[in-house]
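To keep things clear, I will list the structure first and then write my remarks on it.
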Amino acid sequence: LAAVGGLAWKAYKQYSEQ
Amino acid sequence: GFDFTPATLPEQSFTDAIDDNHSDGQLLLMRAMIAAAYADGHIDETERQKIFAQVETMQLSVQEKAMLFDELRKPMQLSELVAAVPNAQMGIEVYAASASAIDLNQTVSKHYLDTLANQLCIPSELVMSIHRELNT
């Protein structure tokens, strides 16, 4: 589940930087 | 729907939601994974083993574990899951957990994820970004 948190954050960061 | 304001969610909020002191967040993600695994109408032995293995890594009380095992017998409906998501950031994590637990080769499972993203108001660009991170 820790992996899910990190992954969700990375995905969100990529999205917000677009 | 959520007020989606990009670049305002700190990394800490993502990790806090699932650290050991916030088992509500962990439980919600586990319930999301169980509901996703059940999207095709059954939870097979491989999915069950994956879920059990995940539960064993979590620091849960006996009651919380019992609740998850009950959940395996009677998974949440998508509408119940969406109603239990407290904010946009948890919505992203719930979607990521669901996508990681589901068999994307099945049309019904793909449809489940589409509906989930829609109801959680996750923009399609963000959905694509999540799948890129998951390699799915």
Q. Looking only at segment B:10-43, which residues are out of contact with any helix residue (DSSP H, G or I) (no Cβ under 8 Å at 6 or more places or on another chain), more than 10 Å from chain A (Cβ to nearest Cβ) and over 14 Å from A:Ala2 (Cβ atoms)?
A. B:Asp24, B:Tyr38, B:His42
Q.
Exactly one of these conditions fails for B:Ala99: (1) within 10 Å of chain A (Cβ to nearest Cβ); (2) modelled with pLDDT of 95 or more. Give me its number.
A. (2)
Q) For segment A:7-18, what are the residues that are within 17 Å of B:Ala17 (Cα to Cα) and within 7 Å of chain B (Cβ to nearest Cβ)? A) A:Leu7, A:Ala8, A:Trp9, A:Lys10, A:Ala11, A:Tyr12
Q.
I'd like the residue in segment B:54-94 that is among the hydroxyl-bearing types (Ser, Thr, Tyr) and without any contact (Cβ under 8 Å) to a residue 40 or more places away in the chain and, out of all such residues, is nearest to B:His42 (Cα to Cα).
A. B:Thr57
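The values are calculated or read from the model by the stated rules, or taken from the named source; none is laboratory data. Small disclaimer: the values here were computed from a predicted structure and weren't measured. Neighbour counts run over all protein chains shown; Cβ positions are idealised from the backbone, glycine included.
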